[in-house]
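This report refers to the structure that appears directly beneath it.
The values are calculated or read from the model by the stated rules, or taken from the named source; none is laboratory data. What you see is a predicted model; the values in this text were computed from it and never measured. What goes into the accessible areas is simple: the full protein's heavy atoms, side chains included, and nothing from ligands, DNA or RNA. Shrake-Rupley method; radii C 1.70, N 1.55, O 1.52, S 1.80 Å.
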Amino acid sequence: ELLDAAARNDGLMVVGLERLLPDTHPLMRCLRSIEEVCRMPARGMTVFVSPPGSTLPIHHDTYEVFTLQLAGGKRWQLFHLVSPRMQPGDDYGVDEPAADVSLSPGDVLYMPKGQVHRVVPTSGDISLSVAQSFEPPTWYTLLEVVLSEIEQDHRFWRSIHPDNIPEGVDARRAALVEAVLRVDAEAFADRIEA
């Protein structure tokens, strides 16, 4: 199947490589090192085999990615950041890339979540890279905690009446501030560490 895919000039993606490699493998040691430095668990490891002429279309990832180029080369065209909540297939409205980065064997590229990009192999050879993805907690989690603080507050369940929107915003702003002040910073830190 792999040879057939290569003959058709199709790219190949192997997801979940971390489940196949022993902990002593250099890629697994690299993954564990990044986990330790970033203080977050890895989401997984994916291998990309890209024949000459294949292109990974414009897209964004909803997680952080470290890509290690193992063989061949790849050109990363970087456009702009979008909300990670943007859906795949949405119109990115891109023209020219804001940056162009070429990877050779041994190079590592960090791609933040939401970074719109396109990937093109640069050499006449097959390109081989491995991507290690991570889903670190974000400050959005703080908003989730605040939301849980106010979900029973009847002021937020009332209908919005067009005649008192500014007063209503002021009243709810005060309730939001109160909810933020009730968040225990140490408990929040414990939650993130967990």
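To the nearest 10 degrees, how steeply does helix 26-38 sit against the main Cα axis of the chain, on a 0 to 90 scale?
Approximately 20 degrees, to the nearest 10.
Taking the chain as the reference, fit the longest principal axis to its C-alpha atoms, fit the long axis of helix 165-182 to the helix C-alpha atoms, and give the angle between the two in degrees, 0 to 90, nearest 10.
Between helix and principal axis, roughly 70 degrees.
Using only the C-alpha atoms of the chain, find the volume of their convex hull and express it per residue in Å³.
Dividing the Cα hull volume of the chain by its residue count gives 185 Å³.
Taking Rh as the Kirkwood radius computed over C-alpha pairs, what is the Stokes-Einstein D of segment 108-194 at 4 °C in a medium of viscosity 1.567 mPa s, expressed in µm² per second? Don't jump to the answer; show the numbers that get you there.
Working: Rh = 17.5 Å.
After rounding, the answer is 74 µm²/s.
Accessible area of I165, 1.4 Å probe, to the nearest 10 Å²?
I165 exposes around 80 Å² with every protein chain in place.
For segment 63-177, what is the accessible area per residue in Å², given a 1.4 Å probe and the full set of protein chains?
61
With every protein chain present, what accessible area does H25 have (1.4 Å probe, heavy atoms only), rounded to the nearest 10 Å²?
60
Expressed as cubic angstrom per residue, what is the convex hull volume of the alpha carbon set of segment 41-115?
On the way: hull volume 8.2 nm³, N = 75.
It comes to 109 Å³ per residue, whole-number rounded.
Just to be sure I understand: with springs between alpha-carbon atoms less than 10 Å apart, which residue in A171, A42, A98 has the highest mean-square fluctuation in the Gaussian network model of the chain?
In the Gaussian network model the winner is A171.
Please turn the phi angles of segment 42-58 into ³J(HN,Hα) values with the Karplus equation 6.51 cos²θ - 1.76 cosθ + 1.60 (θ = phi - 60°), one per residue in order, whole Hz, x for glycine and proline.
Going residue by residue, I get 6, 7, x, 10, 10, 9, 10, 10, 10, x, x, x, 7, 9, 8, x, 4 Hz, with x marking Gly and Pro.
Using only Cα atoms, tell me the angle between helix 140-150 and the longest principal axis of the chain; keep it within 0 to 90° and round to the nearest 10.
30
Rounded to the nearest 10 Å², what accessible area does R173 show when all protein chains are kept and the probe is 1.4 Å?
For R173, solvent-accessible area is about 130 Å².
Can you list residues from other chains, or at least 5 along the same chain, whose modelled amide H is less than 5 Å from the amide H of A98?
L78, F79
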